[in-house]
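The values are calculated or read from the model by the stated rules, or taken from the named source; none is laboratory data. These figures come from a predicted structure and were not determined experimentally. Neighbour counts run over all protein chains shown; Cβ positions are idealised from the backbone, glycine included. Ligands, DNA and RNA are excluded from the accessible area calculation, which covers all protein heavy atoms including side chains. Shrake-Rupley method; radii C 1.70, N 1.55, O 1.52, S 1.80 Å.
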Amino acid sequence: MAEDGGGGWFPPMDLFRSEPMHLVQLIIPIESVHLTISYLGDIGLIQFKDLNADKSPFQRTYASQIKRCGEMARKLRFFKDQMSKAGTTWSLKPNILADIHLDDVELRLGELEAELIEINTNNEKLQRSYNELTEYKLVLIKAGEFFKAAQSSATAKQREFSSNKLPPESLTIPLLKDDESENDLSKQVKLGFLTGLVPKEKAMAFERILFRATRGNVFLRQAPLEEPVVDPTSGQKVQKNVFAVFFCGERVKSKVVKISDAFGANRYPFAEDLAKQSQILKEVSGRISELKMTIHAGLLHQGTLLQKIGEQHEHWNQVVRKEKAIYHILNMLSIDVTKKCLVAEGWSPVYATKRIRHALRKAAIDSSSQVGSIFRVLHTKKLPPTFFRTNKFTQSFQTIVDAYGVARYQEANPGVYTVVTFPFLFAVMFGDWGHGICLLLATLYLISKEKKFYGQKLGDIVEMTFGGRYVILLMSLFSIYTGLIYNEFFSVPFELFGPSAYACRDDSCRDATTIGLIKVRDTYPFGVDPVWHGTRSELPFLNSLKMKMSILIGVAQMNLGIILSFVNALYFRNSLNIWFQFIPQMIFLNGLFGYLSLLIIAKWYTGSKADLYHIMIYMFLSPTDDLGENQLFNNQKTIQIGLLLLSLIAVPWMLFPKPFILKSQHNLRHGDIDEYELLEDIDDSLHGEANVDSEGDHEFEFSEVFVHQLIHTIEFVLGAVSNTASYLRLWALSLAHLELSAVFYEKVLLLAWGYDNVVILIIGIVVFIFATVGVLLVMETLSAFLHALRLHWVEFQNKFYGGNGHQFRPFSFQLLSNEDEST
């Protein structure tokens with residue numbers, strides 16, 4: 001199914017059945033084949049067949065070209081990712097430029113990718129160096145504080161000993177003097193140290209492992225950094241601690257190095273001399289400033305390059321996608337034995353023949369081909385794809401039908417009736433003209449922003465709502481209409497079309513029953529009289545009205561479904577379905593439930609108090625009994641008996657004749673013939689059972705056909721009852737909607753209004769608004785939508801709609817999406 005590009009409004013007959021389709025063959029000279037496929041993609045009216053289905057993608061003629069296009073698409077995705085990371089905006093509309101050849105695009109993309117990769121590599125190296133120097137600077141500052149603190153502590157102790165008049169050398173005299181070690185320098189102990197940074201989350205574990213591995217023969221100092229730093233390896237901001245480990249001996253040093261590497265610690269050199277520390281810190285600070293300027297210049301260069309890419313990105317993207325799509329189609333064509341032509345086959349609408357021929361002639365002229373392309377119509381018995389011309393209004397309704405199943409070619413399309421019946425059934429359940437106005441305003445906003453939102457990524461829920469904006473538009477309009485009929489505005493009745501026709505005879509009837517009401521004026525001109533709202537009787541008039549309306553609507557829609565099955569049978573010249581499906585189904589359905597609908601209308605017209613439940617029950621149990629006060633019209637009992645007998649006859653009428661007639665026709669047709677075709681009269685749904693294989697198997701499985709017909713008969717008989725009952729959901733959901741709306745109005749808004757407090761009133765109004773929007777305008781809308789969907793798919797469409805066709809999917813550049821890049 002395709003959407004008409006002009007967006008015009010088509011009459012219903014454009015949707016009633018699929019466009020006439022035919023299988024065409026194109027013989028295209030090899031020198032003009034590329035341009036021909038391009039022009040055909042522009043008009044988008046041919047669905048090509050794969051004539052090389054037996055070949056793998058790598059064995060096809062243009063596999064290398066598709067690989068090239070895939071590589072270019074990868075480069076374009078790389079550019080898009082880089083622009084997204086850099087925050088560079090790019091044009092979503094392609095610049096209007098002269099046509100560019102694919103080879104030029106490939107060359108340009110290769111150059112830009114190489115340049116961008118080189119810039120990124122240099123920037124990464126510079127950034128890594130910058131991050132390392134930043135960490136080194138922090139280590140120099142923090143570790144320097146360690147050494148300064150230690151020196152200050154030693155100086156303080158020196159002063160303390162001096163005040164106690166100890167000799168100055170006493171601090172350096174060991175407790176046990178070893179003359180040999182004094183003379184042998186190799187036996188003197190010298191402390192070493194390592195400095196660096198370790199992630200803060202690993203600092204405690206790092207300390208414990210060091211202690212255990214060295215048996216406590218190390219001294220560790222740590223200091224946390226105030227701000228997270230960028231790790232040179234990962235490029236992520238991490239909270240770290242600066243550490244200094246003091247140890248003795250090379251073996252211990254080796255262990256410390258391995259443990260620090262295992263914990264992802266970055267080690268940096270550190271000088272003991274304070275003067276040298278200051279010099280290194282100054283040098284590192286200078287290098288950081290230089291790197292900062294260099295990185296800034298590199299980012300400016302990268303931004304300029306990405307800006308240039310962004311200006312042409314969409315144009316290149318379209319060129320690559322089109323070329324890739326063209327080569328996909330070329331791989332589906334077969335090469336002529338002369339290897340001078342390519343042969344294409346595909347389905348196209350009959351009305352598109354003139355445009356296709358024009359595209360072929362134009363391609364031959366523009367490619368300077370000496371031989372034109374040949375267009376031929378092929379005759380085939382294969383089932384064509386289904387194609388409905390839709391516009392932005394009818395597209396969403398057709399999508400609802402296609403979600404159930406695509407119509408078989410030339411099958412009656414439920415989408416025509418769905419345009420009216422779907423929003424109407426929704427409105428029967430949702431009817432409230434106040435809520436309908438709220439839905440209408442929201443829908444009008446979406447329609448007013450149509451050009452802005454079209455083609456944008458809006459999120460799943462918003463995008464789904466925007467796609468169905470015209471469905472919601474009709475749903476809201478029908479809800480306003482049914483709300484006026486129900487006389488409900490946020491569950492409150494209004495005297496919009498005049499005062500009520502009824503009044504109380506005395507004060508005793510005001511809040512009790514309807515007995516005391518008398519008619520004092522003309523009948524309320526439109527919709528339900530306001531006086532019938534509330535609980536004036538055991539079964540309020542409004543609820544009774546909605547329940548009976550549900551039955552009338554259900555029976556009417558099911559009759560429409562059976563009539564459409566007759567239309568299908570008449571169109572396909574299926575006489576068996578007319579005589580043994582349509583007629584008995586109409587008799588059975590209307591003999592019971594059509595008669596019930598007649599009784600409802602007669603009771604409304606006459607004002608009788610007849611009990612319809614009693615009439616329908618005893619129509620089966622005691623059809624000959626006198627009706628008494630339940631009689632609504634003359635000869636009612638005779639009519640009931642006749643309808644009951646016809647309904648009982650309709651069941652074997654549906655079941656028995658058809659299998660025997662099929663068997664008789666089979667014997668007559670294939671008694672003395674070796675090869676045959678199925679009769680056009682045979683029901684399409686029986687092809688799987690009654691059909692024979694293509695090799696000429698003449699067996700007719702009567703038992704399978706009979707069982708199949710038995711299943712269909714039982715399904716219809718039981719379905720007539722269950723489907724009619726299913727339409728009572730229209731009444732149930734309408735009642736639920738009314739009750740919920742009344743609860744929010746009475747228990748929230750009116751209750752808050754009763755308090756003489758502005759704060760409580762404001763809270764009540766806010767709660768009422770949120771409850772109305774969240775429950776009634778969102779949840780109830782979704783609930784009514786799903787129930788209307790079920791009534792269409794199950795109760796309506798199963799009467800006539802097979803939905804076993806396949807959709808027309810033409811080769812069109814307009815239908816190309818971004819997902820094509822990854823295929």
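The condition of being more than 29 Å from Ser565 (Cβ to Cβ), surrounded by 15 or more Cβ atoms within 10 Å (Cβ to Cβ) and within 35 Å of the chain's Cα centre (by Cα) holds for Ala742.
Close contacts from the range 382-393, counting a first residue that is surrounded by fewer than 16 Cβ atoms within 10 Å (Cβ to Cβ) and a second that is basic (Lys, Arg), with Cβ to Cβ under 8 Å and a gap of 6+ residues or different chains, come to Leu383/Arg408. Summed over the range 396-410, the residues that are within 14 Å of Phe16 (Cβ to Cβ), out of contact with any Leu (no Cβ under 8 Å at 6 or more places or on another chain) and either in a helix (DSSP H, G or I) or open to solvent by 10 Å² or more (accessible area, probe 1.4 Å) (or both) give a count of 3. Scoring Leu668 on the criteria (1) of a type in the set (A, V, I, L, M); (2) modelled with pLDDT under 90; (3) closer than 30 Å to Leu545 by Cα; (4) open to solvent by 30 Å² or more (accessible area, probe 1.4 Å) leaves a single failure, condition (3). Pairs are defined by a Cβ separation below 6 Å, a sequence spacing of at least 6 or placement on different chains, a first member in the range 125-148 that is within 11 Å of Gln277 (Cβ to Cβ), and a second member that is aromatic (Phe, Trp, Tyr) and open to solvent by less than 40 Å² (accessible area, probe 1.4 Å); the pairs so defined are Val139/Tyr268; Ala143/Phe270. Pairs are defined by a Cβ separation below 7 Å, a sequence spacing of at least 6 or placement on different chains, a first member in the range 285-302 that is farther than 26 Å from Thr88 by Cβ, and a second member that is of a type in the set (Ser, Thr, Tyr); the pairs so defined are Ile288/Tyr130; Ile288/Thr134. Would the range 438-449 turn up any residue that is in a helix (DSSP H, G or I) and more than 27 Å from Gly774 (Cβ to Cβ)? The answer is no, given that none of the residues of the range 438-449 is in a helix (DSSP H, G or I) and more than 27 Å from Gly774 (Cβ to Cβ).
Here Phe588, Phe593, Phe620 are screened, and the one residue that is in contact (Cβ under 8 Å) with a residue 24 or more places away in the chain and open to solvent by 70 Å² or more (accessible area, probe 1.4 Å) is Phe620.
Selection within the range 605-617: residues that are over 22 Å from Leu646 (Cα atoms) and touching a residue at least 12 places away in the same chain (Cβ under 8 Å). The member of this set that is least open to solvent (accessible area, probe 1.4 Å) is Ala610.
Checking Leu643, Leu632 one by one, the residue that is part of a loop (DSSP other than H, G, I, E, B), within 25 Å of Met549 (Cβ to Cβ) and either of a type in the set (A, V, I, L, M) or open to solvent by 70 Å² or more (accessible area, probe 1.4 Å) (or both) is Leu632 and no other.
Looking across the range 25-40 at every residue that is over 13 Å from Ile335 (Cβ atoms) and surrounded by fewer than 22 Cβ atoms within 10 Å (Cβ to Cβ), the one that is farthest from the chain's Cα centre (by Cα) is identified as Glu31.
In the range 188-299, counting only strands (runs of 3 or more DSSP E) that sit wholly within it, the ones holding 3 or more residues that are modelled with pLDDT under 90 and either farther than 24 Å from Lys125 by Cβ or among the polar types (S, T, N, Q) (or both) span 191-199, 219-224, 240-248. Does Ala602 qualify as being out of contact with any Asp or Glu (no Cβ under 8 Å at 6 or more places or on another chain), modelled with pLDDT of 95 or more and small (Gly, Ala, Ser)? Criteria not met by Ala602. Screening the range 689-708 for residues that are in contact with an Asp or Glu (Cβ under 9 Å, 6 or more places away or on another chain) and modelled with pLDDT of 90 or more and picking the one that is nearest to Gly561 (Cα to Cα) gives His708.
Quick one: which residue in Gln581, Gln557 is in contact with an Asp or Glu (Cβ under 8 Å, 6 or more places away or on another chain), closer than 19 Å to Ala720 by Cα, part of a helix (DSSP H, G or I) and open to solvent by 20 Å² or more (accessible area, probe 1.4 Å)? Criteria check complete, one pass: Gln581. Among the residues of the range 321-363, those identified as over 22 Å from Thr61 (Cα atoms) and among the small types (Gly, Ala, Ser) are Ser348, Ala352, Ala359. Taking the residues in the range 41-62 that are touching a Ser or Thr at 6+ places or on another chain (Cβ under 9 Å) and part of a helix (DSSP H, G or I) as candidates, determine which candidate is nearest to Arg357 (Cα to Cα). Within the range 41-62, the match that is nearest to Arg357 (Cα to Cα) is Ile43. Across the range 253-268, the number of residues qualifying as open to solvent by less than 30 Å² (accessible area, probe 1.4 Å), among the aliphatic types (A, V, I, L, M) and touching a strand residue (DSSP E or B) at 6+ places or on another chain (Cβ under 8 Å) comes to 2.
When the range 445-465 is filtered for residues that are at pLDDT 90 or above and either in contact with a Lys or Arg (Cβ under 9 Å, 6 or more places away or on another chain) or of a type in the set (D, E, K, R) (or both), the ones remaining, listed by number, are Leu446, Ile447. A search for C-beta distances below 6 Å between a residue of the range 741-762 that is farther than 21 Å from Leu777 by Cα and any residue that is β-branched (Val, Ile, Thr), counting only pairs 6+ apart in sequence or on different chains, returns Ala752/Ile760.
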